[in-house]
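Derivation of every value follows stated rules applied to the coordinates shown; laboratory data play no part. Just so you know, these numbers come straight off a predicted model, no measurement behind them. Cβ coordinates were reconstructed from backbone atoms using ideal geometry, including for glycine residues, and neighbour counts include every protein chain displayed.
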Amino acid sequence: MIELAPQEHIIALFRKHWFVILLELLGLGILALAPIALYIFGNIFIFGALGFGLTVILGFFYVLFLIVLWIVGFNLWLDFYLDKLVVTNERVIEIEQRGLFSREISSLNLENIQDVTIEVHGIIQTFFKLGDIHVQTSGAQKKVSISYLAHPEYAKHMIMDLHNQTLNRVKSVRIEQ
């Protein structure tokens with residue numbers, strides 16, 4: 001998926017925090033159980049005993065509903081798993097999955113990085129050590145950013161350390177010439 005230069009190698013790979021997918025899948029689980037709760041509530045308090053034919057029809061639509069939830073859950077997991085921030089010895093690469101068959105890949109050279117910003121909002125993000133990271137250059141290139149990244153402080157320090165090492169290496173090469 002990512003083509004690296006001959007001397008380039010991957011140093012770190014960062015993903016969204018697991019808590020993000022847990023909350024999304026928990027919401028889908030609640031949605032999956034809601035029709036059963038409504039059916040039981042309706043049978044006890046409103047309708048009385050439903051006929052066998054109506055129960056079969058409701059069961060059929062419930063299975064269709066579960067299939068749709070399964071597809072939505074797969075898309076959520078796919079988006080979670082394939083969104084990543086790849087740090088190499090030369091670049092920072094963002095891979096953003098936009099849909100089932102669509103992705104956007106952005107990269108910034110380490111020597112061109114001007115600013116790395118992290119944002120941590122609220123007690124949950126602070127407790128679980130997740131946040132947003134924004135990496136940008138001084139030029140007109142696209143800003144690389146990932147939301148709900150696990151350990152954004154560590155990612156920021158790693159990127160800035162690699163940026164400083166790259167600048168020192170570039171300066172030493174220029175001085176030798």
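Calculate, in nm to one decimal, what Trp70 and Val56 gain on full extension: separation in residues at 0.36 nm each, minus their alpha carbon distance.
2.9 nm
Computing FRET efficiency as 1/(1 + (r/R0)^6) for Asn112 and Leu82, where r is the C-beta to C-beta distance and R0 is 25 Å, gives about 0.45. Quarter the surface of the alpha carbon convex hull of segment 18-117 and you get the mean projected area, 9.3 square nanometres. The modelled label-to-label distance between Ile123 and Ile10, using points 7 Å beyond Cα along the C-beta direction, is 3.7 nm.
Span-like helices, the chain: DSSP H, alpha-carbon axial extent 18 Å or more, mean Kyte-Doolittle 1.6 or greater, which ones?
Working: long enough: 18-41 (34 Å, 2.31); 52-82 (45 Å, 2.07); 152-176 (36 Å, -0.72).
Span-like helices here: 18-41, 52-82.
Put in order of Cβ neighbour count within 10 Å, fewest first, the listed residues Lys156, Lys143 become Lys143, Lys156.
For the chain, the dipole from Cβ point charges (+1 on Lys and Arg, -1 on Asp and Glu) about the Cα centre works out to 80 debye, to the nearest 20.
Pairs of Lys residues in the chain, spaced 8 or more positions apart or belonging to different chains, with C-alpha separations under 23 angstrom: 14 in total.
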